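The values are calculated or read from the model by the stated rules, or taken from the named source; none is laboratory data. Being a predicted model, the structure only gives us computed values, none of them experimental. So basically every Cβ, Gly included, is an ideal-geometry build from the backbone, and we count neighbours across all protein chains shown.
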Amino acid sequence: MDPSSLLPANSLQNAAVLTIVLAFAGYLVTFWSNRMMARRADRLRLVNQRLNEFYGPLYVATVAGNIAYKSLLSKQGKAQCHPIRDEDLKDWVLWMKTIFMPLNDVREKIIIKNAHLIVEEQMPQCLLDFVTHVVGYKALLTRWAEGDYSERRSTIGWPPEFDTYVERSYKALKAEQTRLLHNVFWRLTHRSNGHRRSLLPG
C-alpha cells in the first residue's frame, strides 16, 4: 500500500506547496547572496586598481619625498627650506635635480595618466595645485640649466593639503580592501567548508 494514500488530500497539497515555497525561498536567498558577492568582487577589483595604479604609488613616492626633504633639512640644520641661503644652494640644486624632481615627475604622471581612478567625482584641488607646482619647478630647472640661479624655488607653492589627502585616501582604501577581502574569503571558506561537510559520511 502507498503510504501517501493514508494522508488526507489537503495534507498532500499543503506539503507540495510548502516544498515549492521553500525551494523558491532557497533560490531567492542564493540569488541575492550571489548578487551581493558579485558586487563585492567588483568593488574589490576597483579598490585594488585604485591602490595599485594610483593611491599606492602616489603614497610611496610622497613618503619617500618627505623623508628625503627632512633629511636635507637635518643636513643643513634648518627647520624649513626657505629662505635658501647661498651656502645651501649647491645642495638644494643637487637634491632638487636628483631626488625631488624625479619623485615629482613620478607623481605628476600618476595623476595625469590615472586621473580616472580618483575616488572623488571632481578632481581634488590639491592634486591640480601639485601639478602646477611641478610645472613651476620644470621652468625653474630650465633656468638653472642656463646658469640663472636668481630664483631658487618655484613661484607656485607646495599645496599644504596634498600630503594629508594622499595619506588619508590611501589608508581609507586599504581599510576597505581589508574589509572586502575578509567578507569575500569568509563567505568562500564558509561555503567550501559546508560543501566538504555535506560530502562526509553521516
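Of the residues examined, GLY147 is one that is on the phi > 0 side of the Ramachandran plot and not aliphatic (A, V, I, L, M).
Quick one: in the range 57-81, of everything that is in contact (Cβ under 8 Å) with a residue 60 or more places away in the chain and crowded, with 17+ Cβ neighbours inside 10 Å, which residue is farthest from ILE118 (Cα to Cα)? The qualifying residue farthest from ILE118 (Cα to Cα) is CYS81.
Filtering the range 142-155 to residues that are of a type outside the set (Gly, Ala, Ser) and over 18 Å from TYR69 (Cα atoms) leaves THR142, ARG143, TRP144, GLU146, ASP148, TYR149, GLU151, THR155.
For beta carbons closer than 6 Å, sequence separation of 6+ or different chains, a first residue in the range 134-146 that is at pLDDT 95 or above and a second that is part of a helix (DSSP H, G or I), the qualifying pairs are VAL134/ASN104; VAL134/GLU108. Looking for something part of a helix (DSSP H, G or I), within 30 Å of ASN48 (Cβ to Cβ) and without any contact (Cβ under 8 Å) to a residue 40 or more places away in the chain - is there at least one such residue anywhere in the range 157-168? Yes - at least one qualifying residue is present in the range 157-168.
Evaluation of GLU120 against the conditions (1) modelled with pLDDT of 95 or more; (2) over 30 Å from ARG39 (Cα atoms); (3) charged (D, E, K, R); (4) not in a helix (DSSP H, G or I) shows that the sole unmet condition is (2).
Scanning the range 119-162 for residues that are small (Gly, Ala, Ser) and in contact with a helix residue (DSSP H, G or I) (Cβ under 9 Å, 6 or more places away or on another chain), which turns out surrounded by the fewest Cβ atoms within 10 Å (Cβ to Cβ)?
If we filter the range 119-162 for residues that are small (Gly, Ala, Ser), which is where we start, we get 136, 139, 145, 147, 150, 154, 157.
Now narrow it down to the ones that are in contact with a helix residue (DSSP H, G or I) (Cβ under 9 Å, 6 or more places away or on another chain): 150, 154, 157.
Details: SER150: 6, SER154: 19, GLY157: 12.
Going through the qualifying residues, I end up with SER150.
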